[in-house]
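*Asks:* Below you will find the structure I want to go over with you.
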Amino acid sequence: MRAIRLKTEHLHEPLGLGIRTPRFSWNCAGSAVQTAYRIVARRDGETLWDSGKVRSSRMILIPYEGSPLRSRDRIDWAVTLWDEDDVEGEPAPSWFELGLLDADDWTARWITGDYRPRRNTRYPVDCFRTRFRARGPVARARLYATALGLYDAHLNGTRVGDFELAPGSTDYRTRVQYQAYDVSGMLGEENTLELRLADGWYRGAVGAYGVTRLFGDTTALLAQLELTYADGTSEIIGTGDGFAWSNDGPLQFADLKDGEHYDARLTPTYRGRARIARPGPVPTASDNVAPRTQEEFAPTVLTTPSGATVLDFGQNIAGFIRLSVAGRAGQRIRLRLGEVLDEHGEFTQKNIQLDKPARHFGRITEFLLMTGQQRLLRGELESTPKQEILITCADGVTDYQCSFTVAGFRYALVQGDVDIDPASIRAVAVYSDLEQTGTFTSSNAMLDRFVENTRWSMKGNFLDVPTDCPTRERLGWTGDAQVFFNTAAYFMDVAAFFRKWMRDLEDSQLRSGKPRAVAPYSGVPMMYDTSGGSVGWADALVLVPYRLWKRYGDEAILREFYPAMTRYARYMISHTGHKRRKDARTNPFNEYTYEKGFHYGEWLEPKEFRDEVSARSRPLCTEEATAYLHYTMSHLAEIATQLDEPDDAARFAEYADGAKKAYNHLFVHHGTIDTDRQAKLVRPLALGLLDPGAAERVGGRLVRAVENRDDTIGTGFLSTPFVLPMLTEAGRSDVAYRMLENESAPSWLAQVRAGATTVWEDWEGEASQNHYAPGAVCEWLFDTVAGIRIAGDNRFVISPLPGGTLTHASAGYDSPYGLVTSAWRTDNGVTTFDIEIPANTTAEVHLPDGRLRTVGPGRHRFRTDEPTRPAQR
Ligand code: BGC
């Protein structure tokens, strides 16, 4: 038996890890059962830890227990497994390397460009350079780098690494991530290190209103090149005022959302000197995967009714433009990037843009925008984001690729005075390079396309942090990430990604315990601080670590974020009770009723169900808030019990129970709820608010509500992931399938029919085309249609559920314990189920006819026409 898919701290061979006591994981192959393992960890050939033969079937997150590790340690580790016959297998090797763990590992100094930034002025990209001679042959070289802004590095003319939009997105006031690069093979005797510095999240346009200078006026860069010579001596070349600087290179403008201006005629002169900048926070490792360039798309050329030239890349993505163009010096090209063509077939950015004041964004602006009074804004308004690439050609061929901007687009409007050859233009997707773990196909091609649309919306929004959309806002909206988590975790291995984002979320928490509505911090406090406590959004603070624990078996994540969770619990507890005294008096469960604070409610149900919201008044969201008080407190009680915090557990359980009583008192009349508004029925069912009798009645009412609307979808962000599961639980998977396969709007497949290649924000398709939240239905395809669920360490439950018009469905999930597949096919009234589970796991298989089997590793086939024996355990 042999270990495969070795990981350290959820990552494949991480370079620059920041975790001092890392944990090791693997999957098994070759034999059936792992009866023992042995891990050996070495540094430069010296054994630091030998676990010895440990009798255990455990294969995830086993902590390193050797002598303490230091910054820069490169650890080679190998795991040997014993199988069911106690036969020892071959050791499987892997490695990790620690980064710079302590503040005093940094000897380089923060530098900035030699100019004094002024308000309402944007600046070209800074270019820094140093030249140095290597003292002798270099055995090992590492570049550690970060920025307050965005940076990239070139060593001797070659790009260092492939991390895009480094150093990634965090609250730069308190946290900045560095990257570590192995540059060992890139050095010669004479060397040139060049670094560029752009505005990025730090100083560029961020969020819905394109607020700039969010973190500061002065961008800065910190980089440290560490050389270890063959003779064992070492040398550090760190940023400092010895670096040459100029900002006269080709990138005269670069903004994450607004685009880039690239003048190919320019090369940086490096005429000036870097200035020492005020130091940023001590850089830390992200322990996350890198965003990288991914798939490429070639365009087809359209001529619109008005005669404009538009490139159609066929897929809505978030990413870069790459092109090469032959022209004369001074000729220009302008590309504007957008997601859709309008009703006349013309290019538009209307669906992704908002108006903002062209000049400084202050508190008054914020107030007027937040209260819907933009018409009172003084001065010019401009549309944001611009998503515009301007290129000025040099003589001959100009090669260009975006560096410090990323756009959400499928179409490019081409303007300018030079002919460009579409064959030399590409759209290049950029997203965090997460391991792809989930596949789903079926006999319904439209459904399969919707699954791919959801995967594309995930790709378009998982760029160091999970965002709502890659265009209008591009913010780490907590609610969106929360509702999508389970679907995301089937599609890709998101353990490290969400651990990183949980740190952002914790950073974003206000002193009251209320998180901000978006993480990392994005300013606009009137909006994001005020709305941060909204149920379904704020609850990400509890639900994301809870789901990380259940999915990846990672209890340490619960421990790490328990203090933040309990702060949030305290915030909720201190905000219970009705807003109005009259309501408080008549409700015996007032203490457990939740409605105070700002709540978004269900958010974006089909138009006919949306509550009227105006600048002056908002409906109370007592129903949603009290339901989530119960749900989140129940999760907290379970977490507290797991972490051995009995007093907390009791208090959380008290609130869970009280909120359930309050909910029933307020919203469940005569043991049921009577409405056609699906969310109002789905929520109490899904969040566990109903006793069995009521659940049956409300389940029945949900079926009617769906049928009354011809099987179309009626939920918004919060209930969409639950609607099919609740129909299934009500015993009506037939209705769930009808809703799933419905091609009439509002529905998932109506989007596909309308030509969508990503998931729409609203059911009407009028806003952003790339919001993954409504794609959270895909969870049901994996856990119910194919029926794959994790049931704890090394265990699965597999309960496939054929239905609808589907004649086959097949899913694969590369789980933390290995690859599980579940497929079924119906032929002449007989359904065949093919299930495969990996070595060292077991699965309980539940078949629709009630048969239940426990199976071990390997392939298993069941047929509906085989003689059935009574259910057995
Ligand atoms: C965002 C969402 C977010 C919501 C809050 C929107 O503008 O795009 O996805 O969750 O605001 O309700």
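*Asks:* Mind checking Rg over Rh on segment 106-288, alpha carbons, Kirkwood formula for Rh?
*Replies:* Dividing the radius of gyration by the Kirkwood radius yields 0.96.
*Asks:* Determine the share of segment 612-695's accessible area contributed by carbon and sulfur atoms, expressed in whole percent, with a 1.4 angstrom probe.
*Replies:* Roughly 49 percent, rounded to a whole number.
*Asks:* Hey, could you grab the Kirkwood Rh for segment 751-873? Inverse mean 1/r over distinct alpha carbon pairs, Å, one decimal.
*Replies:* 16.0 Å
*Asks:* How much area per residue is accessible in the chain when the probe is 1.4 Å and only protein heavy atoms are counted (Å²)?
*Replies:* 38 Å²
*Asks:* If you average the C-alpha positions of segment 602-678 and of segment 343-393 separately, how far apart do those two centres end up, in angstrom?
*Replies:* 36 Å
*Asks:* Just add up the charged neighbours of Arg677: K/R +1, D/E -1, any other residue whose Cβ is under 15 Å from the Cβ of Arg677.
*Replies:* Surrounding charge for Arg677 is -3.
*Asks:* Ok, one more. Compare Glu226, Glu452 by solvent-accessible area with a 1.4 Å probe and give them largest first, with all protein chains kept in place. Don't skip to the answer; put the middle values down first.
*Replies:* Details: Glu226 20, Glu452 65 Å².
Descending order: Glu452, Glu226.
*Asks:* Sticking with this one: Near Ile321, within a Cβ-to-Cβ distance under 10 Å, what is the net charge of the other residues, with Lys and Arg +1 and Asp and Glu -1?
*Replies:* Numbers: positive: Arg322, Arg426; negative: Glu260.
Within the 10 Å Cβ shell, the charges total +1.
*Asks:* Just to verify a number: what accessible area does Tyr262 come out at with the full protein assembly present, 1.4 Å probe, Å² rounded to tens?
*Replies:* Tyr262 has an accessible surface of roughly 50 Å² with all protein chains in place.
*Asks:* Quick one: ranking Glu836, Glu729 by accessible area, 1.4 Å probe, largest first, what do you get?
*Replies:* Glu729, Glu836
*Asks:* Once every DSSP H run of n ≥ 4 in the chain is given -39500 (n - 2.57) and the sum is divided by its residues, what mean residue ellipticity at 222 nm do you get, rounded to the nearest 500 deg cm²/dmol? Write down the numbers at each step before the final one.
*Replies:* Values: 16 runs with 192 residues, N = 873.
Value at 222 nm, helices only, nearest 500: -7000 deg cm²/dmol.
*Asks:* List the extent of the Cα atoms of segment 790-862 along each of their three principal axes, largest first, rounded to whole Å.
*Replies:* In descending order, the Cα extents are 36, 22, 18 Å.
*Asks:* Same structure again: Rounded to the nearest Å, what's the spacing between the alpha carbon centres of segment 192-241 and segment 765-792? Just the number, please.
*Replies:* If we compute the Cα centre of each part, the gap is 38 Å.
*Asks:* Please compute the net charge surrounding Glu380, taking Lys and Arg as +1 and Asp and Glu as -1 over other residues with Cβ under 12 Å from its Cβ.
*Replies:* +1
*Asks:* Further question on the same structure: On average over all directions, what projected area in square nanometres does segment 683-742 have, based on the convex hull of its Cα atoms?
*Replies:* In nm², the orientation-averaged hull projection of segment 683-742 is 3.6.
*Asks:* Rolling a 1.4 angstrom probe over the protein chains, ignoring ligands and nucleic acids, what is the accessible area of His154 in square angstrom, nearest 10?
*Replies:* In the full protein context, His154 sits at about 50 Å².
*Asks:* Continuing with this model, one more query. Could you tell me how far the Cα centroid of segment 117-157 sits from the Cα centroid of segment 56-110, in Å?
*Replies:* Cα centroid to Cα centroid, the span is 30 Å.
*Asks:* Same structure, new question: Would you calculate the separation in nanometres between label points at His360 and Asp657, each defined as 7 Å from the Cα along the Cα-to-beta-carbon direction?
*Replies:* 5.7 nm
*Asks:* Could you order Thr303, Thr807 by accessible surface area, starting with the largest, using a probe radius of 1.4 Å? Before the final figure, lay out each step's value.
*Replies:* Numbers: Thr303 105, Thr807 65 Å².
Output order, biggest surface exposure first: Thr303, Thr807.
*Asks:* At a probe size of 1.4 Å, how large is the accessible area of Met526, to the nearest 10 Å²?
*Replies:* 60 Å²
*Asks:* Seen from all sides and averaged, what is the projected area of the convex hull of the Cα atoms in the chain, in nm²?
*Replies:* Numbers: hull surface 155.7 nm².
Directional mean of the projected Cα hull area for the chain stands at 38.9 nm².
*Asks:* Same structure again: Once you have the Kirkwood Rh of segment 528-680 from its Cα pairs, apply Stokes-Einstein at 10 °C and 1.306 mPa s and quote D in µm²/s. Walk me through the numbers on the way to the answer.
*Replies:* Details: Rh = 16.4 Å.
Translational D for this selection: 97 µm²/s.
The values are calculated or read from the model by the stated rules, or taken from the named source; none is laboratory data. Quick caveat: nothing in here was measured; it's all calculated off a predicted structure. Positions of Cβ are backbone-derived with ideal geometry, glycine not excepted, and every protein chain shown enters the neighbour counts. SASA here: full protein model, heavy atoms, side chains in, ligands and nucleic acids out. Shrake-Rupley method; radii C 1.70, N 1.55, O 1.52, S 1.80 Å.
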